[in-house]
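Data first, discussion second: the structure below is written as structure tokens.
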Amino acid sequence: MSDPGVKEMTPQELMEKLAAKEELQVVDVREVEEWNAGHIKEARLIPLGFLPHRVDELDKDVPVVLVCRSGARSHMATEYLTNLGFDAANMVGGMLAWPGETEQ
């Protein structure tokens with residue numbers, strides 16, 4: 001599923017960036033029920049279907065990391081935002097691979 005046009009980041013890399021307080025936007029593109037079951041504390045929820053309508057909520061000057069359950073929806077979202085000129089990366093493996101804490 002690796003796509004040369006889509007940047008990827010491992011969950012471990014994202015954890016390190018968040019721990020280092022790097023400036024980035026973590027966007028969870030899952031549905032509300034999935035989000036409520038547990039999400040990355042620093043993330044904000046924008047379900048994939050709403051992304052085109054809410055893209056103006058994101059800052060083009062700050063890198064975006066996209067997250068979903070397994071990495072498929074966030075891959076599509078990463079492709080979409082990259083095409084709009086964002087510095088976007090897909091968190092590989094999604095929340096299934098997230099080793100860090102989650103909050104509900």
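The values are calculated or read from the model by the stated rules, or taken from the named source; none is laboratory data. What you are looking at is a predicted structure, and each value in this text was computed from that prediction instead of being measured. The area values use the complete protein model at the heavy-atom level, side chains included, leaving out ligands, DNA and RNA. Shrake-Rupley method; radii C 1.70, N 1.55, O 1.52, S 1.80 Å.
Once the piece of chain linking Thr102 and Asn36 is laid out straight, how much longer is it, given 0.36 nm per residue of separation minus the C-alpha distance between them?
That pair, Thr102 and Asn36, stretches by 22.7 nm at full extension.
Ordered by residue, what ³J(HN,Hα) values in Hz, to whole numbers, does segment 60-76 give under the Karplus form 6.51 cos²θ - 1.76 cosθ + 1.60, where θ = phi - 60° and Gly and Pro are x?
5, 8, 10, x, 10, 10, 9, 10, 9, 6, 10, x, 6, 5, 5, 4, 5
Carbon and sulfur together cover what percent of the accessible area of the chain at a 1.4 Å probe radius?
51
Would you mind computing the Rg to Rh ratio of the chain from its alpha-carbon coordinates, Kirkwood style for Rh?
0.92
Please list the non-local residues whose amide H lies under 5 Å from the amide H of Val26, H modeled 1.01 Å from N, same-chain partners needing a gap of 5 or more.
Distant-sequence amide H within range of Val26: Arg44, Val65.
Wrap a convex hull around the Cα atoms of segment 24-85, take a quarter of its surface area, and give that in square nanometres.
Across all orientations, segment 24-85 yields a mean hull projection of 3.9 nm².
Kindly work out what percent of the DSSP beta bridges joining two residues of the chain are antiparallel, to the nearest 5.
If I count the DSSP bridges inside the chain, around 5 percent turn out antiparallel.
Return one whole number: the accessible area per residue of the chain in Å², for a 1.4 Å probe.
On a per-residue basis, 55 Å².
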